[in-house]
Amino acid sequence: MEIVNVSRLVKSEDLNHHGTLFAGRGAEWFVEACFICGAKATQKPENIVCVNIHGLTFKTPGNKGDIINLQTRIAKAGRTSFVVYGKMTKNNSKDILSDGFITFVFIDENNKTIPHGIVLGDPIDEEDIKIREMAEKLK
């Protein structure tokens with residue numbers, strides 16, 4: 001599956017009382033980037049709803065002026081649900097600020113689940129294999 005990249009600039013209004021990226025803002029960006037990944041895969045964003053954010057952990061702070069890079073990919077696809085893995089890095093570093101998984105469900109106009117049509121191809125690299133293994137263990 002395609003890797004989807006989204007970038008954000010940390011501005012003054014994104015900071016908490018410690019002067020670092022507010023976790024709520026980081027979580028918002030994370031969910032949005034994962035949603036974009038799913039929307040690109042299905043081509044029907046109006047049918048996607050978020051049902052679970054799994055293990056979003058902030059490991060290191062973001063600071064004012066940092067460029068936050070969010071890299072997302074589909075990690076698991078059921079018939080009506082799919083899981084997106086996302087990771088946040090900053091300033092082109094490989095160090096992970098935060099990462100986690102989000103489960104989305106595909107619904108119709110009556111809020112009934114429907115097939116999304118996502119088919120996962122073969123893993124693209126070792127990281128993809130590990131991500132898919134972790135996604136399989138999610139509840």
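No lab work stands behind these numbers, since they all come straight from the coordinates. The model shown is predicted, which means the values in this text are computed figures rather than measured ones. All Cβ positions, glycine included, derive from the backbone under ideal geometry; neighbour counts span all protein chains shown.
Compute, for the chain, the length of the dipole vector about the Cα centre, with Cβ point charges of +1 (Lys, Arg) and -1 (Asp, Glu) only. Units Debye, rounded to 20.
The dipole magnitude comes to about 220 debye.
Relative to the longest principal Cα axis of the chain, at what angle does helix 23-42 sit, 0 to 90 degrees, rounded to 10?
In the chain, helix 23-42 runs at an angle near 30 degrees to the longest axis.
So what is the diffusion coefficient of the chain in µm² per second by Stokes-Einstein at 4 °C and 1.567 mPa s, using a Kirkwood Rh over Cα pairs?
This corresponds to a translational diffusion coefficient of 84 µm²/s.
Got a sec? Which residues in region 39-67 would a label at Ile107 touch, if it sits 7 Å along Cα→Cβ and we count backbone N under 14 Å?
Inside the label zone: 46-52.
Using a Förster radius of 35 Å, what is the FRET efficiency between Glu46 and Asn91 based on their Cβ-Cβ separation? Nearest 0.05, please.
Here the calculated transfer efficiency is 0.50.
Note down the net charge around Phe22, summing +1 for each Lys or Arg and -1 for each Asp or Glu among other residues with Cβ under 14 Å from its Cβ.
Residues close to Phe22 contribute a combined charge of 0.
For helix 126-136, report the angle its Cα long axis makes with the longest principal axis of the Cα atoms of the chain; keep it between 0 and 90° and round to the nearest 10°.
Helix 126-136 sits roughly 70 degrees off the main axis of the chain.
Near the amide H of Asn63, under 5 Å away, which other amide H atoms are found, from residues 5 or more places off or on another chain, if H is placed in the peptide plane?
Close amide H contacts, sequence-distant or interchain: Leu21.
Step through the residues of region 88-100 one at a time and calculate ³J(HN,Hα) from phi using the Karplus curve (6.51 cos²θ - 1.76 cosθ + 1.60, θ = phi - 60°), rounding each to whole Hz and writing x for Gly and Pro.
After applying 6.51 cos²θ - 1.76 cosθ + 1.60, I find 10, 10, 9, 6, 6, 7, 8, 5, 8, 6, 7, 7, x Hz.
At 7 Å along Cα-to-Cβ for each site, give me the label-to-label distance between Lys139 and Leu9 in nm.
4.3
Could you sort 56-64, 72-80 so that the peptide with the highest average Cβ count within 10 Å comes first and the rest follow in order?
The packing order, highest mean first, is 72-80, 56-64.
If the label point is 7 Å along Cα→Cβ of Ile53, which residues in region 100-117 have backbone nitrogen under 13 Å from it?
The answer is 100-103.
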